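The values are calculated or read from the model by the stated rules, or taken from the named source; none is laboratory data. The model shown is predicted, which means the values in this text are computed figures rather than measured ones. Cβ sites come from the backbone with ideal geometry, for glycine too, and all protein chains shown count toward neighbours.
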């Protein structure tokens, strides 16, 4: 009986520690495997609820989220998995305001890093939770409503 208690006393802390290490490993975000789409997430690091668009959208308030609400002013990370086009995200509906343009394959795990390099001034010192509309455009051309910064 004493031997069983000693073994249990040694194994129990090891099992708890191993379980703690396994639980501490961060979950990997689901990739944007939807070719032809701009994918975006509510959290930085491509985590939380994911949304996607394949066409031009003049008002993200019209794009419902599965978790309730809309995609207007909630995007915190983005990935352009477009087939051949670049995409511009705009701070206002109607494809206006400050814009952040993503080339094909461009991604940003934290939209706070979307900055207006030319001015670096508030309120566009970051683009987190600001996107309200988007336009797709052909590489080598300018987006229909301009581009403040390209990633």
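Annotations for the structure displayed:
- Among (1) in a helix (DSSP H, G or I); (2) modelled with pLDDT under 90 - the single one residue 34 does not satisfy: (1)
- Taken over segment 104-127, the residue count meeting the criterion of being surrounded by fewer than 20 Cβ atoms within 10 Å (Cβ to Cβ), modelled with pLDDT under 85 and touching a strand residue (DSSP E or B) at 6+ places or on another chain (Cβ under 9 Å) is 10.
- Looking across segment 77-103 at every residue that is in a loop (DSSP other than H, G, I, E, B) and more than 18 Å from the chain's Cα centre (by Cα), the one that is surrounded by the most Cβ atoms within 10 Å (Cβ to Cβ) is identified as 95.
- Qualifying residue in segment 12-26 (condition: assigned to a loop (DSSP other than H, G, I, E, B), surrounded by 14 or more Cβ atoms within 10 Å (Cβ to Cβ) and either in contact with a strand residue (DSSP E or B) (Cβ under 6 Å, 6 or more places away or on another chain) or at pLDDT below 90 (or both)): no
- Scanning segment 62-73 turns up no residue that is out of contact with any helix residue (DSSP H, G or I) (no Cβ under 9 Å at 6 or more places or on another chain), surrounded by fewer than 18 Cβ atoms within 10 Å (Cβ to Cβ) and closer than 19 Å to residue 101 by Cα.
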